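Structure first, then comments.
Each reported figure results from applying straightforward, stated rules to the coordinates on display, with no laboratory input. Bear in mind the structure is a predicted one, so any value in this text is a computation, not a measurement. As a convention, Cβ positions derive from the backbone with ideal geometry for all residues, glycine included, and neighbour counts pool all protein chains shown.
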Amino acid sequence: MSFPEAIFKIIEENNCPLYELGDEFRLSGKAVLLGDNEEKKFINTSVIKMPTDRPVCRILISDITAVLVEYGSMENIPKYVTNCSGCTGLIKIEYNQERKFTAADMDKSEDDLSFATKLLKRFPIFKDLDEADIKKLAPMLKMKKFAGESTIIKNGDSASNLYIIVSGKAEVVVDDTVIGVMEKGEVFGEISLLIGTPAGATVKVTELVTVLFIYGKDFKKVLNMFPSLQMYFARLLARRLARTNVERLEEFASGMIGRLSENPPSELLQTLNLNHKTGVLTLTLSQGSAELSFREGNLIRAKYSKKEGKEAFFSILMEKEGRFKFTPGLSDEEMDTPELGDFMWLLMEGMRRIDEEETD
């Protein structure tokens with residue numbers, strides 16, 4: 001026997017640890033009163049479908065089920081708005097009686113998509129996407145609000161989400177010093193996701209911020225789906241690292257020796273690229289020695305174990321322990337050697353392979 005289904009949707013969210021704005025919960029069933037009214041015994045046949053890939057919150061389930069007990073069945077429930085009884089956060093849920101999907105709704109859906117396309121194309125990150133692209137991307141975009149003085153990302157946090165500011169302002173803080181202010185259209189969180197390093201700064205809200213965000217687990221999927229976003233992030237990564245690593249770049253004015261445990265390959269190689277260094281990086285790694293040659297920051301040669309070229313570069317990126325030494329200068333012959341490829345593309349492809357290997 002089937003019962004009508006009601007959809008409860010989160011219309012307001014404030015620091016809920018489990019759910020987000022727009023999440024839906026589908027409730028069906030009946031609550032039948034048995035015996036006389038004095039005993040108040042119920043048989044409750046409710047079924048609740050939770051949002052995909054979300055944990056179960058028994059507090060919210062209890063709140064939604066209470067609606068069914070109050071009205072007896074879905075047919076009797078009017079428009080209904082209530083707050084979750086809460087734990088550490090607060091959410092507001094709304095129910096409207098479900099209508100059949102009509103041709104008019106389809107027209108409206110197309111209008112909404114057209115509107116969403118125009119809205120998203122105002123942001124630099126989405127300007128090269130067309131309506132078909134945005135239709136594919138939209139299900140992966142989530143929205144969230146952060147109150148003033150709250151922290152979105154904390155220095156040292158591991159990679160989590162990619163954020164795009166829709167409205168409001170946030171400060172970028174390093175060692176208790178504000179090094180920048182971000183506003184509408186600006187993107188953050190991408191460095192940790194692209195190269196796997198912890199956040200290098202704290203992002204703190206100064207004025208109520210609304211963000212669109214993409215879960216870290218979906219980020220690589222989005223990059224693979226949309227080549228224009230790969231180019232956007234390659235350029236953004238280069239600019240960001242050029243600003244934040246000025247002091248480290250100065251250390252390479254002469255030769256440098258160190259350990260990979262203190263300078264991971266991804267950071268070390270980016271530093272050489274961004275500082276336009278010319279020379280040879282020699283490494284002692286788990287499978288023997290390795291060499292990478294740079295000309296004005298561009299990778300022209302890579303050799304490790306029995307591998308050469310791009311595959312050697314990707315293998316070096318996967319190493320976590322070892323020693324390195326950078327020696328400035330190249331031979332005349334190496335100065336004429338062609339590049340192995342765009343450095344930022346090579347780096348992103350290497351990090352993608354690392355991510356795939358870790359999830360296997």
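Among residues other than Leu162 with Cβ under 10 Å from its Cβ, the summed charge is -2 (Lys and Arg +1, Asp and Glu -1).
Annotation: amide H-H contacts under 5 Å for Met256 (H modelled 1.01 Å from N, sequence separation of 5 or more, or interchain): Phe326. Shown is the FRET efficiency for Asn155 and Glu291, computed with R0 = 30 Å from the Cβ-Cβ distance and rounded to the nearest 0.05: 0.30.
Can you order the peptides 298-304, 222-228, 52-58 by their average number of other Cβ atoms within 10 Å per residue, highest first? Display every interim value, and only then the final one.
On the way: 298-304: 20.0, 222-228: 14.9, 52-58: 9.9.
Result, highest mean Cβ count within 10 Å first: 298-304, 222-228, 52-58.
Summarising the amide proton neighbourhood of Ser305: residues at separation of 5 or more, or on other chains, whose placed amide H is nearer than 5 Å comprise Ser289. Ranked by the mean number of other Cβ atoms within 10 Å of their residues, highest first, the peptides 165-178, 323-336 fall in the order 165-178, 323-336.
Phi angles across segment 337-346 convert, under the Karplus curve 6.51 cos²θ - 1.76 cosθ + 1.60 with θ = phi - 60°, into 3J(HN,Hα) values of 6, x, 5, 6, x, 4, 4, 5, 5, 4 Hz, Gly and Pro given as x. Per-residue Karplus couplings for segment 316-327, computed as 6.51 cos²θ - 1.76 cosθ + 1.60 with θ equal to phi - 60°, are listed in order as 5, 4, 7, 6, 10, 10, x, 10, 9, 8, 9, 10 Hz, Gly and Pro entered as x. Under 5 Å between amide hydrogens, built in the peptide plane, is the criterion, and for Ala6 it picks out Leu27, Ser28 among residues at least 5 positions away or on other chains. Listed values for segment 147-160 are Karplus-derived 3J(HN,Hα) couplings in whole Hz (6.51 cos²θ - 1.76 cosθ + 1.60, θ = phi - 60°), namely 6, x, 6, 7, 10, 8, 10, 10, 3, x, 5, 6, 4, 10, and x replaces Gly and Pro.
Scoring 138-148, 284-294 by mean Cβ neighbours within 10 Å over their residues and listing the highest first yields 284-294, 138-148. Take the alpha carbon gyration tensor of segment 268-360, find the square roots of its eigenvalues, order them as a ≥ b ≥ c, and report rounded if a/c is under 1.5; if not, report prolate when a/b exceeds b/c, else oblate. Because a/c hits 1.5 or more and a/b exceeds b/c, segment 268-360 counts as prolate.
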